[in-house]
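Trainee: Can you read through this structure? Questions will come right after.
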Protein chains: 2
Amino acid sequence: MAAQVDSAFVRSVYDEALLNGHCYKRLGELCKTVGSRLSGSDNAEKGIRWGTAMLKSYRFDSVFTQPVMVPRWERGEVEELYFSSSVFNKKIKNQSLANYDCEAFEELPLKAVKQHKIPAVVLGGSVGTNGKITAGLVSVHSDKELDSLGKAGLLKGKMVLLNRAFPENLINTFAAYGSCVPQRVNGASKAVKYGAVAVLVRSMSNRCDLHAHTGVMMYADSLRKIPAMAVATAVANLLDQLSREDAGLRISMQLNCRTLPDRLSANVMAQSNGTKAPEKVIAFGGHFDSWDQGEGAHDDGAGCMHAFEALRILKAVGYKPKHTLRCVWWINEENGLRGATEYARKAAETGEKHIAALESDRGGFTPRGFGVDSAFLPVMNKYKSLLEPYGAGTIEKGGGGADIGPLRKFNSNVVLVGFIPDSQRYFDVHHAETDVFENVNKRELELGAAAIAVMIAILDQELE
Amino acid sequence: MAAQVDSAFVRSVYDEALLNGHCYKRLGELCKTVGSRLSGSDNAEKGIRWGTAMLKSYRFDSVFTQPVMVPRWERGEVEELYFSSSVFNKKIKNQSLANYDCEAFEELPLKAVKQHKIPAVVLGGSVGTNGKITAGLVSVHSDKELDSLGKAGLLKGKMVLLNRAFPENLINTFAAYGSCVPQRVNGASKAVKYGAVAVLVRSMSNRCDLHAHTGVMMYADSLRKIPAMAVATAVANLLDQLSREDAGLRISMQLNCRTLPDRLSANVMAQSNGTKAPEKVIAFGGHFDSWDQGEGAHDDGAGCMHAFEALRILKAVGYKPKHTLRCVWWINEENGLRGATEYARKAAETGEKHIAALESDRGGFTPRGFGVDSAFLPVMNKYKSLLEPYGAGTIEKGGGGADIGPLRKFNSNVVLVGFIPDSQRYFDVHHAETDVFENVNKRELELGAAAIAVMIAILDQELE
């Protein structure tokens, strides 16, 4: 085929994706036969075996793995959170819960009992409780409030609910996430300075519901480590209210999560060799690890399948790449970034030149376009009109990404590109039990793979 | 507030929609306390009462109804479709169904039985069977194939499966729908000419699954009326294959659907009076009736709630309209268009001038933009950049719509605008039992209402 990215080429890519797509079926296999893929877990290794064999069946020029040591944290068997509140029990008896504005409460078990079980999940990296912790609860909505209450001595011996909610008026939900996620990542170490015994973190989600969303948390080295759990948004609202209404509110937590020694894992790659400059690489992919809730379908099974499918499509339509096109499934993005770090280090060590890298880690939703390095923005002007009829013509300044970022450290000229799908539903399922195959739409996923295949061909044509 | 549509105004509209939105909650009430709203049904009338009271609670300048006689077709209590196939039973016994490529079959009851019940729904407007019909099946994929087989006498006494599938490579799913829907609407009369005794129509859907999608069908006046049912796409694939493999394949159908005398119903309206030219009207809305499958959540509860919410938002942000802004819920779009026809006729009769009309009937998905009359396209150039940061900046030539189209007949100058949300998931649920509130995303719905509110203000400012 003519090495030209024109409207006929774009059409052929989309036809292949939509009429003969493989990514949806493969994502279904990954989600249903492997499931979640937390770094260091047996399941992640099972997934790597599945993926390597699957990629080999397509007879790309090569399929290989790159060894990476990854951290190994386990949720453990005991993961319990309860609250007891006489005020809440009285309200249940009086059937006066109507003032809680989230309808999700209707699903909560609303019998007056001594202890109410709370839908909650421990955050990744948390220490366990070493027995049961029981304490009162203080709810805070900002770092300022945390500091103010802490300095007044009001957090001593308490559990702290870090309850800053997503600003729902931000159109891009990733911006809302970015504004709240520091409380999840660093909140425990902030609270422990004031004598808190544990933290609960409001789930990072746009929805008001009963699903708890996990995610990574970290401890400041110099400080004591206290356990940290995520509670569902609807529960955060409830606990916030009860913490003000009931001085007798008590929370009990019991966890036996633990960190084990690092384990050998791998990045997985498949590539089509370049026909003109095979020594130069365009890497594109997502992360293969996931949290241990749900099936890692959108996060980031979708990104891995996008990359595999883009490579397959370009081969299927007969595209002959100038440079080597490499689909990469990075390991350990969620809690360590070891895969991406090792990938970039190894490339620098061996002198392998990356001219561009593209990341898909925003789910398998309808494409809107791409974020690209500012240096590459002018080049994209001539391709915008090719992508617009497919709904993927929004080209923005951007291009960062956790897994491709490290390449920049060793090579300031690498062009970085981020795939941008519609963001509205992503945090409904992100890191939660609802991130399952059933919540991925076939056409939306396929359109993403097609847009990425076109973008890779553009990079291949435009870069030297 | 300054009568100017600028970035601050757009921001205020989106803030109101996303931080203080009412449409999602109201759609939930409509779907869960009323449910489906087939024209002429008691449920539709219940919905009109609910809606009128709901709108009145917002103290708009006026809320009123317009009487409309609507058709009344009922599905009846008996709706059965079975097939019997010794070939299929043998395959089940040999566990050799793997060659059916849709995984949905795994959900089918796969015991070897004399008669297999088929997930199917009768099409709106169909006659009943007057007892049970049993016949062989012929599957056709185009009008040409239908004519060819018909002329060869091969359809005589048969049921015909009209099995043209959505062209999945069309990016806009409405284009795919448009290319297939004639077989649903007119297929029975085409088939009866060749002696067919009934038709089965492949569901109008992008998905391969077990949900049957209903919709309107019509009979040519001069021809005999034969019954028509929709079968799920996965079932259409199965029957297509069996019709070729098993000469003994037999289909049995029994229906007691019926058409009753017309019934009095109504269009429902709420409006904010214009402050400069109250005699000139901008109408915007969707259709209040739905099919009797699911809850009419996306089709078109979403459009009705968009329009109500747009009116509410403009009032809430203090926008003073020059012209009268009227939210209209047209009745009977699905099977008669009586509401829209009467609305336009009455406007012409009373000399009420409509300067613009906007329709939302493509579901409550993430907005992409608007289709507008070509005469208004140049005006939109100056507003495109205001809508783009909200993802709604795609402005296309268009603007038709079933419910606003009749206004053009009496007034060639009326500017017609169609709301365009993302189309990928619409036909997954359209006219099926899956068109329920749970499949509507809160933020996606709210973003649509905000985009429509902005568009209405643009029309109000730009038109005289």
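Trainee: Read through the list (1) under 30 Å from A:Glu433 (Cβ atoms); (2) hydrophobic (A, V, I, L, M, F, W, C); (3) in contact with a strand residue (DSSP E or B) (Cβ under 7 Å, 6 or more places away or on another chain), then give the number of the only condition that A:Ile395 fails.
Mentor: (1)
Trainee: Output the number of residues of the stretch A:210-230 satisfying the condition of being surrounded by fewer than 23 Cβ atoms within 10 Å (Cβ to Cβ) and either part of a helix (DSSP H, G or I) or under 19 Å from the mean Cα position of the chain (by Cα) (or both).
Mentor: 2
The rows are residues; the columns are (1) without any contact (Cβ under 8 Å) to a residue 12 or more places away in the chain; (2) more than 25 Å from the chain's Cα centre (by Cα); (3) assigned to a strand (DSSP E or B); (4) under 20 Å from B:Gly215 (Cα atoms).
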{"position": "B:Val121", "(1), (2), (3), (4)": "no, no, yes, yes"}
{"position": "B:Val127", "(1), (2), (3), (4)": "no, no, no, yes"}
{"position": "B:Leu154", "(1), (2), (3), (4)": "no, yes, no, no"}
{"position": "B:Pro167", "(1), (2), (3), (4)": "no, no, no, yes"}
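Trainee: Could you grab me the full set of residues in the stretch A:399-421 that are assigned to a loop (DSSP other than H, G, I, E, B), over 15 Å from the mean Cα position of the chain (by Cα) and at negative phi?
Mentor: We begin by selecting, within the stretch A:399-421, every residue assigned to a loop (DSSP other than H, G, I, E, B); these are A:399-404, A:411-414.
Add one more test, that the residue is over 15 Å from the mean Cα position of the chain (by Cα), and what stays is A:399, A:411-414.
Passing the criteria: A:Asn411, A:Ser412, A:Asn413, A:Val414.
Trainee: I would also like to ask the following. Tell me which residues, restricted to the stretch B:334-376, are within 30 Å of A:Gln424 (Cβ to Cβ), of a type in the set (Asp, Glu) and not in a loop (DSSP other than H, G, I, E, B). Before the answer, list the steps.
Mentor: Step one: filter the stretch B:334-376 for residues within 30 Å of A:Gln424 (Cβ to Cβ), giving B:334, B:356-373, B:376.
Remaining after also requiring of a type in the set (Asp, Glu): B:334, B:359, B:361, B:373.
Within the stretch B:334-376, B:Glu359 is the sole residue that qualifies.
Trainee: Could you list all residues from the stretch A:189-200 that are surrounded by fewer than 24 Cβ atoms within 10 Å (Cβ to Cβ) and either assigned to a strand (DSSP E or B) or charged (D, E, K, R) (or both)?
Mentor: A:Lys190, A:Lys193, listed by residue number.
Trainee: Sticking with this structure for a sec: Please count how many residues of the stretch B:381-405 are more than 14 Å from chain A (Cβ to nearest Cβ) and buried (at least 21 other Cβ atoms within 10 Å of the Cβ).
Mentor: 5
Trainee: Separate question: Could you please give the count of residues in the stretch A:411-436 that are surrounded by fewer than 21 Cβ atoms within 10 Å (Cβ to Cβ) and either facing chain B (nearest Cβ under 10 Å) or of a type outside the set (Val, Ile, Thr) (or both)?
Mentor: 4
Trainee: Any chance you could count how many residues in the stretch B:348-380 are at positive phi and surrounded by fewer than 18 Cβ atoms within 10 Å (Cβ to Cβ)?
Mentor: Pass one, the stretch B:348-380, residues at positive phi: B:351, B:363, B:369.
After this cut, where a residue has to be surrounded by fewer than 18 Cβ atoms within 10 Å (Cβ to Cβ) as well, the list is B:351.
Qualifying residue count for the region: 1.
Trainee: Continuing with the same structure: Look through the stretch A:439-464, keep the residues that are acidic (Asp, Glu) and either without any contact (Cβ under 8 Å) to a residue 40 or more places away in the chain or away from every other protein chain (no Cβ under 14 Å) (or both), and return whichever of them is nearest to A:Asn20 (Cα to Cα). Explain how you work it out, then say what you get.
Mentor: At the first step, the residues of the stretch A:439-464 found to be acidic (Asp, Glu) are A:444, A:446, A:460, A:462, A:464.
This time we only want the ones that are either without any contact (Cβ under 8 Å) to a residue 40 or more places away in the chain or away from every other protein chain (no Cβ under 14 Å) (or both), so: A:460, A:462, A:464.
Values: A:Asp460: 24, A:Glu462: 28, A:Glu464: 32 Å.
Ranking the candidates gives A:Asp460 first.
Trainee: Condition test on B:Ser205, is it within 16 Å of B:Thr233 (Cα to Cα) and either within 14 Å of chain A (Cβ to nearest Cβ) or in a loop (DSSP other than H, G, I, E, B) (or both)? Show your work before the answer.
Mentor: Values: within 16 Å of B:Thr233 (Cα to Cα): yes; either within 14 Å of chain A (Cβ to nearest Cβ) or in a loop (DSSP other than H, G, I, E, B) (or both): yes.
Yes.
Trainee: Would you check if there is a residue in the stretch B:231-239 being under 27 Å from the mean Cα position of the chain (by Cα), in a loop (DSSP other than H, G, I, E, B) and aliphatic (A, V, I, L, M)? Show your work before the answer.
Mentor: Quick first cut of the stretch B:231-239, residues under 27 Å from the mean Cα position of the chain (by Cα) only: B:231-239.
Cutting the leftovers down to in a loop (DSSP other than H, G, I, E, B) gives us B:232.
Right, trim to aliphatic (A, V, I, L, M) and you get B:232.
Yes; the residues of the stretch B:231-239 include at least one that is under 27 Å from the mean Cα position of the chain (by Cα), in a loop (DSSP other than H, G, I, E, B) and aliphatic (A, V, I, L, M).
Trainee: Hey, could you check the stretch A:15-25 for residues that are assigned to a helix (DSSP H, G or I) and either out of contact with any helix residue (DSSP H, G or I) (no Cβ under 9 Å at 6 or more places or on another chain) or within 13 Å of another protein chain (Cβ to nearest Cβ) (or both) and say which is surrounded by the most Cβ atoms within 10 Å (Cβ to Cβ)? Break it down stepwise before answering.
Mentor: Looking only at the stretch A:15-25, we keep the residues that are assigned to a helix (DSSP H, G or I), and these are A:15-19, A:23-25.
Checking the rest, the ones that are also either out of contact with any helix residue (DSSP H, G or I) (no Cβ under 9 Å at 6 or more places or on another chain) or within 13 Å of another protein chain (Cβ to nearest Cβ) (or both) come to A:15-19, A:24-25.
Values: A:Asp15: 16, A:Glu16: 23, A:Ala17: 30, A:Leu18: 20, A:Leu19: 11, A:Tyr24: 20, A:Lys25: 13.
Of everything passing the filter in the stretch A:15-25, A:Ala17 is surrounded by the most Cβ atoms within 10 Å (Cβ to Cβ).
Trainee: For residues that are within 12 Å of A:Val328 (Cα to Cα) and assigned to a strand (DSSP E or B), tally how many sit in the stretch A:273-289. Spell out how you get there, then give the answer.
Mentor: Taking the stretch A:273-289 first, the residues within 12 Å of A:Val328 (Cα to Cα) are A:281-288.
From what's left, assigned to a strand (DSSP E or B): A:281-287.
Number satisfying all stated conditions: 7.
Trainee: Here's something else I'd like to know. Could you run through the stretch B:61-85 and say how many residues are under 30 Å from B:Lys315 (Cα atoms) and either touching a Phe, Trp or Tyr at 6+ places or on another chain (Cβ under 9 Å) or of a type in the set (S, T, N, Q) (or both)? I'd like the intermediate steps shown before the answer.
Mentor: Kept after step one, since they are under 30 Å from B:Lys315 (Cα atoms), are these residues of the stretch B:61-85: B:61-68.
Now drop any that are not either touching a Phe, Trp or Tyr at 6+ places or on another chain (Cβ under 9 Å) or of a type in the set (S, T, N, Q) (or both), which leaves B:62, B:65-66, B:68.
Count: 4.
Trainee: Still on this structure: So B:Ser203 fits all but one of (1) surrounded by fewer than 24 Cβ atoms within 10 Å (Cβ to Cβ); (2) within 23 Å of A:Leu18 (Cβ to Cβ); (3) of a type in the set (Ser, Thr, Tyr); what number is the exception?
Mentor: (1)
Trainee: Which of the residues that make up the stretch A:52-80 are part of a helix (DSSP H, G or I) and surrounded by 15 or more Cβ atoms within 10 Å (Cβ to Cβ)?
Mentor: Restricting attention to the stretch A:52-80, the residues satisfying the condition of being part of a helix (DSSP H, G or I) are A:52-56.
Across the stretch A:52-80, the qualifying residues are A:Thr52, A:Met54, A:Leu55.
Trainee: Follow-up question, since we're still on this one. On the given criteria, is A:Asn186 surrounded by fewer than 24 Cβ atoms within 10 Å (Cβ to Cβ), among the polar types (S, T, N, Q), in contact (Cβ under 8 Å) with a residue 24 or more places away in the chain and within 25 Å of A:Lys225 (Cβ to Cβ)?
Mentor: On the way: surrounded by fewer than 24 Cβ atoms within 10 Å (Cβ to Cβ): yes; among the polar types (S, T, N, Q): yes; in contact (Cβ under 8 Å) with a residue 24 or more places away in the chain: yes; within 25 Å of A:Lys225 (Cβ to Cβ): yes.
Yes: the conditions hold for A:Asn186.
Trainee: Look through A:Gly178, A:Gly136, A:Gly157 and report the one residue that is on the phi > 0 side of the Ramachandran plot, modelled with pLDDT of 95 or more and not β-branched (Val, Ile, Thr). Walk me through it before giving the result.
Mentor: Details: A:Gly178 fails: on the phi > 0 side of the Ramachandran plot; A:Gly136 fails: on the phi > 0 side of the Ramachandran plot.
Matching residue, one of A:Gly178, A:Gly136, A:Gly157: A:Gly157.
Trainee: Mind checking whether some residue in the stretch B:299-311 is under 18 Å from B:Val5 (Cα atoms) and free of Cβ contacts under 8 Å to residues at least 60 places away in the same chain?
Mentor: So far as the stretch B:299-311 goes, no, none of its residues is under 18 Å from B:Val5 (Cα atoms) and free of Cβ contacts under 8 Å to residues at least 60 places away in the same chain.
Trainee: Still on this structure, please answer the following. Can you tell me how many residues in the stretch A:157-182 are among the aromatic types (Phe, Trp, Tyr) and within 12 Å of another protein chain (Cβ to nearest Cβ)?
Mentor: Within the stretch A:157-182, the first condition is being among the aromatic types (Phe, Trp, Tyr), and the residues that meet it are A:166, A:174, A:177.
From what's left, within 12 Å of another protein chain (Cβ to nearest Cβ): A:166.
Within the stretch A:157-182, residues that are among the aromatic types (Phe, Trp, Tyr) and within 12 Å of another protein chain (Cβ to nearest Cβ) number 1.
Trainee: Answer with yes or no whether B:Asp246 is of a type in the set (Asp, Glu) and in contact with a strand residue (DSSP E or B) (Cβ under 7 Å, 6 or more places away or on another chain).
Mentor: no
Trainee: I would also like to ask the following. From the list A:Ile331, A:Ile313, exactly one residue is assigned by TED's automatic domain parsing to the domain that holds A:Asn43, modelled with pLDDT of 95 or more and within 25 Å of A:Ala228 (Cα to Cα). Which is it?
Mentor: On the way: A:Ile313 fails: within 25 Å of A:Ala228 (Cα to Cα).
Only one candidate passes the filter, namely A:Ile331.
Trainee: Something else about it: Please find, among A:Ser12, A:Ser39, the residue that is modelled with pLDDT of 95 or more, within 19 Å of the chain's Cα centre (by Cα) and either within 14 Å of chain B (Cβ to nearest Cβ) or crowded, with 20+ Cβ neighbours inside 10 Å (or both). Before the answer, list the steps.
Mentor: Details: A:Ser12 fails: within 19 Å of the chain's Cα centre (by Cα).
Among A:Ser12, A:Ser39, only A:Ser39 is modelled with pLDDT of 95 or more, within 19 Å of the chain's Cα centre (by Cα) and either within 14 Å of chain B (Cβ to nearest Cβ) or crowded, with 20+ Cβ neighbours inside 10 Å (or both).
Trainee: Go through (1) in contact (Cβ under 8 Å) with a residue 60 or more places away in the chain; (2) surrounded by fewer than 20 Cβ atoms within 10 Å (Cβ to Cβ); (3) under 30 Å from B:Ile420 (Cβ atoms) for B:Ala175 and report which single condition fails.
Mentor: (1)
Trainee: Check the stretch A:158-167 and report whether any residue there is in contact with a Cys (Cβ under 9 Å, 6 or more places away or on another chain), crowded, with 18+ Cβ neighbours inside 10 Å and charged (D, E, K, R).
Mentor: Checked the stretch A:158-167: at least one residue is in contact with a Cys (Cβ under 9 Å, 6 or more places away or on another chain), crowded, with 18+ Cβ neighbours inside 10 Å and charged (D, E, K, R).
The values are calculated or read from the model by the stated rules, or taken from the named source; none is laboratory data. Here the structure is a predicted model, which is why all the values come from computation and not from measurement. Every residue, glycine among them, receives a Cβ derived from its backbone with ideal geometry; neighbour counts consider all protein chains shown.
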